[in-house]
Amino acid sequence: MNKRTFLKRTSLLGIGSLVSYSSIGKLVKSVAQLPAAAVALDEEFWASIRGGYKLKPDYINLENGYYSIMPQEILEQYLDHVREVNMQGSYYMRTVQFDNKNAAAAKVAELAGCSADEVVITRNTTESLDMIISGMDWKPGDEAIMAEQDYGAMLDMFRQVSKRYGMVNKVLSVPMDPKSDDEIVELYANAITPKTKLLMVCHMINITGQILPVRKICDMAHAKGVPVMVDGAHAIAHIQFSIPDLHCDYYGASLHKWLSVPLGAGMLYVKKEHIGKVWPIFADSTKKDDDILRLNHTGTSPVATDLTITNAIDFYHKIGAERKEARLRYLQNYWVARVRDMPHVILNTPSDPQRSCGIANVGIKGMKPGDFQKILLDKYKIYTVAIDSAGVHGCRITPNVFTTVAELDVLVNALGQMRA
């Protein structure tokens, strides 16, 4: 970027204050005609986006996969919602609460490319998918297929229903660096039998960042008469996709991750024809069996969070889905390319860059992940999370749109120096 362009942008943003939502709109307009791949490399642009966040200066935050920090503009809108609901009290709860929640769900459905009557707001991915797992009409001997790399909460629920109903869990292991989509599809296909009642698959494996060929898996499973449930915790507002294009039957995600909604928001998609087959966690006699809202009766909920979903989606669209994905992919490739050939470094993420996006996992030969995590924080002031299960031994690295390449250079330098 030339000096004139940079000065023009900074004049749009203002000096000495956090970047406002309207200023971000002007900033984005300045790159609107550029390809997303080109904007991904524009450090001044992303430094300006970073200006809209209030970040703790004590460490470099590379653990954004658990919970993505809200930009200040969204945080202020959230606090405004809290104040408004608090001012109205029971009046709000007894009048417009449900209309507003349904409107937020409709906006999530639009984001995911599906029908509003197939989506409900939940509290997180765990609630969404555990509702499906526990709500199926299991019989002794029924089988479910999953991977050891799937999220622990869902695996725990499958274990519980196995104890309760006598169903059988078939757990496979997804290859770390698959040669092709067919290798993965065949792995799941070989596990299916006439007794298979449900197949669960991650859209993006949370501990490694690997993106799985969900549509191909769904098409294969459907050809064998098996419905598919997808864990999309890390996919919404991370990579671009449409749920109907995946051909899945159930899809759950957390909105407090890459969409940057306040904590306590998730979504559940159920294909219309399956809604009546699921027993809800909490009963609701006021809804028909084919009404998706019957799966959303969880008692009093944090309604200010529901209201903020709309603000977060607007912010996501303002930055641009394509630009955000391109930036996250660029950041991951930036640091991974610099450490891949280090002999003491282990990368637990596919080598094909199209099989991942912002998330990757790295380990040090001979070093326990917990020790690795501690050294990164204590010595290099990098905060991340240790993963030591399901054949994955390392730290998960999850940058965000406010992450700079200079921060990733610190990570690269740390990895270059570390030895067991």
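A compact table of results
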read-out: Hits in region 242-279 (condition: free of Cβ contacts under 8 Å to residues at least 24 places away in the same chain and either surrounded by 17 or more Cβ atoms within 10 Å (Cβ to Cβ) or in contact with a strand residue (DSSP E or B) (Cβ under 6 Å, 6 or more places away or on another chain) (or both)); value: none
read-out: Single unsatisfied condition, Ser180 versus (1) under 15 Å from Ala390 (Cβ atoms); (2) free of Cβ contacts under 8 Å to residues at least 24 places away in the same chain; (3) of a type outside the set (A, V, I, L, M); value: (1)
read-out: Flag if Glu110 is charged (D, E, K, R), crowded, with 16+ Cβ neighbours inside 10 Å, in the same structural domain as Val278 (by TED's automatic domain parsing) and modelled with pLDDT of 95 or more; value: no
read-out: Hits in region 183-227 - residues which are closer than 26 Å to Pro369 by Cα, in contact (Cβ under 8 Å) with a residue 40 or more places away in the chain and either aliphatic (A, V, I, L, M) or in a helix (DSSP H, G or I) (or both); value: Val201, Met204, Ile205, Ile207, Ile211
read-out: Selection from region 225-273 of residues that are among the basic types (Lys, Arg) and under 27 Å from Ala189 (Cβ atoms); value: Lys271, Lys272
read-out: Of all residues in region 116-147 being of a type in the set (A, V, I, L, M, F, W, C) and part of a loop (DSSP other than H, G, I, E, B), the one that is surrounded by the most Cβ atoms within 10 Å (Cβ to Cβ); value: Met136
read-out: Condition check for Met87: under 22 Å from Thr122 (Cβ atoms), out of contact with any strand residue (DSSP E or B) (no Cβ under 7 Å at 6 or more places or on another chain), assigned by TED's automatic domain parsing to the domain that holds His297 and assigned to a helix (DSSP H, G or I); value: no
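The values are calculated or read from the model by the stated rules, or taken from the named source; none is laboratory data. In this text, all values refer to a predicted model and were calculated from it rather than measured experimentally. Counting neighbours? That spans all protein chains shown, and the Cβs are built from the backbone with ideal geometry, glycine included.
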